[in-house]
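Notes for the one structure printed next.
The values are calculated or read from the model by the stated rules, or taken from the named source; none is laboratory data. Note that the coordinates shown come from a computational prediction; the quantities given were computed from them, not determined experimentally. Cβ atoms come from the backbone with ideal geometry, glycine included; neighbour counts cover every protein chain shown. The protein model used for the area step is the full one, side chains on, heavy atoms only, and it has no ligands, DNA or RNA in it. Shrake-Rupley method; radii C 1.70, N 1.55, O 1.52, S 1.80 Å.
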Amino acid sequence: MPWVTQIIEERFQNSSPPVEAVSEKGFVESILSELSAISEAIKIIAWVTLLATLLVVGNTMAMSIRERSTEQGVLRTLGFSKWAIFRLYLSESMALSFFGALLGAISACLLFTFIPMAIPGGQGRPGLAIGPYWSLLKTVVLLALLMGILSGFPPAFFSMRRKITDTLRFLA
């Protein structure tokens, strides 16, 4: 093979566009390296999206807990412990994350099931069909539960530490 590469490069040495002969293996390796760069970019975008979602769910929980400060004071007055209220808030955060992720993941899978999507190919090559990935559903749900814990813990913990009198006097 090296002699064929050398002959091709010598023959087109004086042509205006530069010509470089590459073996099929080298060509495939260059395509795969480009695809791995795209894969890394998609992973970074996914992590940034996950972080943004974590902040949105955390903000939602913080506002929800803040607006119900008086109710927390009433519950504490009725005899609920700090930890019982903490568990209620954390359960709410986990349920919010769980059902949101479940609804989003199932909707996306159903969308890709019933509406065929494809990235078109070029120059007579077939395109890339995009389909549902149902086996990822379990991972999405577990990640959502973790997100619910991480986003609900700080506001629930700081709310739990407030005195009953402060929560009863609080006006949102």
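Under the rule of -39500 (n - 2.57) per DSSP H run of 4 or more residues, summed and divided by the residues of the chain, what mean residue ellipticity at 222 nm is obtained, to the nearest 500 deg cm²/dmol?
Computed mean residue ellipticity for the chain: -25500 deg cm²/dmol.
Rounded to two decimals, what ratio of Rg to Rh does the chain give with C-alpha atoms and a Kirkwood Rh?
1.32
Using the Karplus equation 6.51 cos²θ - 1.76 cosθ + 1.60 (θ = phi - 60°), what ³J(HN,Hα) coupling, rounded to whole Hz, does each residue of the range 79-91 give in order, writing x for Gly and Pro?
Couplings: x, 5, 7, 4, 6, 5, 5, 4, 5, 4, 5, 5, 5 Hz.
Where in the chain is the longest stretch that carries no chymotrypsin sites (Phe, Trp or Tyr not before Pro) classed as loop by DSSP and with at most 16 other Cβ atoms within 10 Å?
It runs 13-79.
Taking 30 Å as R0, compute the FRET efficiency from the Cβ-Cβ separation of E24 and A129 and round it to 0.05.
According to the calculation, E is roughly 0.75.
Using the Karplus equation 6.51 cos²θ - 1.76 cosθ + 1.60 (θ = phi - 60°), what ³J(HN,Hα) coupling, rounded to whole Hz, does each residue of the range 105-112 give in order, writing x for Gly and Pro?
So the Karplus estimates, Gly and Pro as x, are 5, 5, 4, 5, 5, 5, 4, 6 Hz.
Compute log10 of I(q)/I(0) for the range 109-172 with the Debye formula, placing one identical point scatterer on every Cα and leaving out solvent, at q = 0.15, 0.18 Å⁻¹, to two decimals.
-0.71, -0.82
What are the ³J(HN,Hα) couplings of the range 58-75, residue after residue, when phi is run through the Karplus curve with 6.51, -1.76, 1.60 and θ = phi - 60°? Round to Hz, x for glycine and proline.
The phi angles translate into x, 5, 4, 5, 4, 5, 5, 5, 5, 6, 9, 5, 5, 4, 5, x, 5, 4 Hz.
Of all the accessible heavy-atom surface of the chain, with the other protein chains kept in place and a 1.4 Å probe, what percent is carbon and sulfur?
Whole-percent figure for carbon plus sulfur exposure: 70.
With each pseudo-label sitting 7 Å past Cα toward Cβ, what's the K43-V56 distance in nm, one decimal?
2.4
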